[in-house]
Amino acid sequence: MLSLIRPLLLLCLTIIAVASTANAAPVAVGDDINVLNGPGTTGGGEFTIVVDDTTSFISFCLQQTEYINFVNDFNVDSISTYAVSDPASRGGDADGKDYLSERTAYLYTQFREGTLLGYDYGGVNRWVSANYLQNAIWMFEQEIAMNGSNPFVILANNAVSSGWSGLGNVRVLNLSLNGVEAQDQLMLVEGRQITEVPEPASLLLFGGGLSLASAVRRRSRRRSANQ
């Protein structure tokens, strides 16, 4: 049954319009979240972070050295300006903290606003866009070698040269599974937390999928308790 539910949830969530915004409570430390896969073939790309029945957002990963899956609930250990436990070879300092690049912050801010120049949000090249953006983020976070021809690398470098600075409202969502650190994700905080809001028909489908998943989880837990 679960094998049918997760594709349904992914379908519901990928219908969501990235540029639509609404006020939503940010993810909080201690929350349990789910991660759903999305466009991208790099091992990263778009991920949908599902906080609850009404709050979800699209993210990108920051590390290649840690683990994520699309089955378990992950715990939010902290929300910070750095990814945790990255080695020096991948940008970490003496304490393993890998601080966000302002170029990463620029790209993710523009992506979440729906205004990232050259990103194909709903067209046939969305997967290509997701790959380019994920790779650009990894380059700026020193996870992979820099390639100056990546269009989003060029865009971010030009933005910083033209005056963009700092991280704005972009932060790192530091996750764990059963006490083991997981792959850190990008998010927005404060009033800029953006929730992708589907059209009414899609909202009904999305809500129905989440309700079905919750019901199956409850039944599964009851069976485990009875056993």
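Of the set (1) without any contact (Cβ under 8 Å) to a residue 60 or more places away in the chain; (2) in contact with a Leu (Cβ under 9 Å, 6 or more places away or on another chain); (3) of a type in the set (Ser, Thr, Tyr), all apply to TYR132 but (2).
Look at ILE5 and say whether it is modelled with pLDDT of 80 or more and among the aliphatic types (A, V, I, L, M).
no
Checking each residue of the range 181-194 against the condition of being touching an Asp or Glu at 6+ places or on another chain (Cβ under 6 Å), within 26 Å of TYR67 (Cα to Cα), part of a helix (DSSP H, G or I) and at pLDDT below 95 gives no match.
The residue that is modelled with the highest pLDDT, counting only those in the range 50-93 that are under 15 Å from the mean Cα position of the chain (by Cα), among the β-branched types (Val, Ile, Thr) and closer than 15 Å to LEU177 by Cα, is VAL76.
Out of LEU155, LEU173, LEU133, one residue alone is modelled with pLDDT under 95, crowded, with 16+ Cβ neighbours inside 10 Å and not charged (D, E, K, R). It is LEU173.
The values are calculated or read from the model by the stated rules, or taken from the named source; none is laboratory data. None of these values were measured; they are calculated from a predicted model. Here Cβ is always computed from backbone atoms with ideal geometry, including for glycine, and neighbour counts include all displayed protein chains.
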